[in-house]
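The values are calculated or read from the model by the stated rules, or taken from the named source; none is laboratory data. Since this is a predicted model, take the numbers as computed values, not measurements. Reconstructed Cβ throughout: ideal geometry from the backbone, glycine too, with neighbour counts over all protein chains shown. When the accessible area is computed, the model is the full protein with side chains, heavy atoms only, and any ligands, DNA or RNA have been set aside. Shrake-Rupley method; radii C 1.70, N 1.55, O 1.52, S 1.80 Å.
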Amino acid sequence: MTNAQILYQDEILKYGRQPNNRGVLADANLQLQGDSPICGDHLRLYLRVDAGRVQAVSFSSSACCALCMASASMMTDAIKGLSIAGARALREQFPAMVAGDVDAGERLQTPQLAGLRVFERIRDVPSRTECVSLSWNTLGTLLSTAHIARSNIAELAE
């Protein structure tokens with residue numbers, strides 16, 4: 001598979017051109033800006049967390065590449081409805097999958113991760129891993145050091 005075939009698979013192009021969950025989530029109770037100094041992409045992630053679950057999620061982005069948009073779109077689809085623990089687990093599994101950590105992939109497989117396997121071969125194009133990681137890194141930071149708009153989101157405190 002050539003680099004172009006890895007980077008521009010049909011599913012990546014589909015989500016890159018018409019991403020799901022794009023836009024500001026007006027009733028978000030968590031949000032965070034993520035920036036990539038390497039590729040110059042910017043992304044703001046919005047979550048509404050209630051009863052320990054990601055009830056709604058969206059993102060806004062000035063990203064210019066299909067990889068960043070597709071990854072953010074597919075990530076928001078994957079974490080919607082998950083528990084906070086489930087979203088954290090998926091956030092930990094994704095980079096292991098991209099890095100080719102087979103042990104972690106086999107140990108931690110979930111149905112949500114299976115839907116993201118289109119990004120598995122990105123490791124063969126290391127200069128583009130930052131593009132698919134921006135949304136996931138932003139999610140990780142948001143869940144661990146969130147700017148909590150409502151202080152009663154006890155499920156985030158561990």
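Details
- Near pairs, Cβ below 9 angstrom, 6+ apart or cross-chain, from the range 109-125 (at negative phi and surrounded by 13 or more Cβ atoms within 10 Å (Cβ to Cβ)) to any residue that is outside any helix (DSSP H, G or I) and among the hydrophobic types (A, V, I, L, M, F, W, C): GLN112/LEU82; ARG121/MET1; ASP124/MET1
- No other residue among MET97, MET75 is at pLDDT below 90, in contact with a helix residue (DSSP H, G or I) (Cβ under 7 Å, 6 or more places away or on another chain), surrounded by 13 or more Cβ atoms within 10 Å (Cβ to Cβ) and within 14 Å of ILE122 (Cβ to Cβ) apart from MET97.
- Filter result for PHE94 (aromatic (Phe, Trp, Tyr), touching a strand residue (DSSP E or B) at 6+ places or on another chain (Cβ under 6 Å) and touching a residue at least 24 places away in the same chain (Cβ under 8 Å)): no
- Members of the range 14-42 found to be more than 13 Å from the chain's Cα centre (by Cα) and open to solvent by less than 30 Å² (accessible area, probe 1.4 Å), listed by number: GLY16, GLY23, ALA28, ASN29, LEU30, SER36, ASP41
- Candidates are the residues of the range 43-53 that are of a type outside the set (Phe, Trp, Tyr) and under 13 Å from the mean Cα position of the chain (by Cα); the one that is most open to solvent (accessible area, probe 1.4 Å) is ARG44.
- If the condition is being among the hydrophobic types (A, V, I, L, M, F, W, C) and open to solvent by less than 40 Å² (accessible area, probe 1.4 Å), then the range 54-72 contributes VAL54, ALA56, VAL57, PHE59, ALA63, CYS65, ALA66, LEU67, CYS68, MET69, ALA70, ALA72.
- Matching residues, the range 3-19, being over 16 Å from CYS64 (Cβ atoms), modelled with pLDDT under 80 and either touching a Lys or Arg at 6+ places or on another chain (Cβ under 7 Å) or in a loop (DSSP other than H, G, I, E, B) (or both): ILE6
- Residue within the range 50-59 that is assigned to a strand (DSSP E or B), touching a residue at least 12 places away in the same chain (Cβ under 8 Å), in contact with a helix residue (DSSP H, G or I) (Cβ under 7 Å, 6 or more places away or on another chain) and closer than 23 Å to ILE122 by Cβ present: yes
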